[in-house]
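None of the figures in this text is laboratory data; all of them are computed from the coordinates on show. Note that the structure is a prediction, hence the values are computed from the model and not measured. Don't worry about glycine lacking a Cβ; one is built from the backbone with ideal geometry, like all the others, and counts go over all protein chains shown.
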Amino acid sequence: MKPLHIAVYPDFVNHCNDNIVPFIMKLVSKQVDCSLPVLTINMLPLYGKNPDKIHAELIQLFSKLSQSKLVSEKQIKVSVLGKWYDLPDEVVEALKNAVISTKDYDGMFLNFCINYDGQDDIVEACKMVTRKVLTGKLNVDGITAQFLKENVYSSFFLPPNEMVLLDSKKTTDGFLLWDSAKTHIRYVDVPWDEWNVDELIQ
């Protein structure tokens, strides 16, 4: 069965170079070629290092996405999951511009996890649910798995059919933790910048 959602985890924190933006744009082109409805990329874990180099790459990437003809022609909606608003102002501005410029698109969906941690995501969802219970907007018996799903960052998207871990990673590090309970994990023992993006869908 053709996947509806694939998540990709390249280790940009420990392996950061000038190929990040071209690599992401190749992935986006592959998403379009394969008619993949949803692609989620883990760009920057919450617990990871935040070097200036990655911030510069983020600014370049999201500026490019805001002006991309491919994004506009294929109506690709860009979303950012995580506490990205804690990043430096110039990074936040670039992210906001890409999100706002594509907010009305619904052809495909391109998600980036930035300053993201799966456990933190679930904790924040639990806080939101607790507030609703305390204010009388929700009965305790109304707390279901589906209701929690509606309160995590990825609330609008189906769980990924497959998660691709690059750079010889053996753990998901909580990437899309709530959504990955039944996700197939594919381990790729090559650096992200040596991976052939044509292998996105097998």
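Does any residue of the stretch 4-22 turn out to be aromatic (Phe, Trp, Tyr) and surrounded by fewer than 18 Cβ atoms within 10 Å (Cβ to Cβ)? Walk me through it before giving the result.
Here is the first cut: in the stretch 4-22, the residues aromatic (Phe, Trp, Tyr) are 9, 12.
With surrounded by fewer than 18 Cβ atoms within 10 Å (Cβ to Cβ) added as a condition, the list becomes none.
No, that holds for no residue.
If Gln146 satisfies all but one of (1) surrounded by fewer than 10 Cβ atoms within 10 Å (Cβ to Cβ); (2) touching a Phe, Trp or Tyr at 6+ places or on another chain (Cβ under 6 Å), what's the number of the condition it fails?
(2)
Give me the pairs: first residue in the stretch 92-103 and of a type outside the set (A, V, I, L, M), second residue part of a helix (DSSP H, G or I), beta-carbon distance under 7 Å, and six or more apart or on different chains, which are they?
From the stretch 92-103, the pairs are Asn97/Phe62; Asn97/Ser66; Ser101/Ser66; Thr102/Val71.
So Ser155 fits all but one of (1) assigned to a loop (DSSP other than H, G, I, E, B); (2) out of contact with any Leu (no Cβ under 6 Å at 6 or more places or on another chain); (3) touching a residue at least 24 places away in the same chain (Cβ under 8 Å); what number is the exception?
Here Ser155 clears every test but (3).
Testing Lys103 on (1) out of contact with any helix residue (DSSP H, G or I) (no Cβ under 8 Å at 6 or more places or on another chain); (2) over 25 Å from Ile59 (Cα atoms), one condition comes back false. Which one is that?
Lys103 satisfies all of (1) out of contact with any helix residue (DSSP H, G or I) (no Cβ under 8 Å at 6 or more places or on another chain); (2) over 25 Å from Ile59 (Cα atoms) except (2).
Could you run through the stretch 105-150 and say how many residues are part of a loop (DSSP other than H, G, I, E, B) and in contact (Cβ under 8 Å) with a residue 24 or more places away in the chain? Steps first, answer last, please.
Of the stretch 105-150, the ones part of a loop (DSSP other than H, G, I, E, B) are 105-107, 117, 135-139, 143-144, 150.
In the following step, the residues that additionally are in contact (Cβ under 8 Å) with a residue 24 or more places away in the chain were identified as 105-107, 117.
Qualifying residue count for the region: 4.
Quick check: is even one residue across the stretch 166-180 aromatic (Phe, Trp, Tyr), surrounded by 12 or more Cβ atoms within 10 Å (Cβ to Cβ) and touching a residue at least 24 places away in the same chain (Cβ under 8 Å)? Can you show your working first?
Step one: filter the stretch 166-180 for residues aromatic (Phe, Trp, Tyr), giving 175, 178.
Checking the rest, the ones that are also surrounded by 12 or more Cβ atoms within 10 Å (Cβ to Cβ) come to 175, 178.
Still in the running and touching a residue at least 24 places away in the same chain (Cβ under 8 Å): 175, 178.
Yes.
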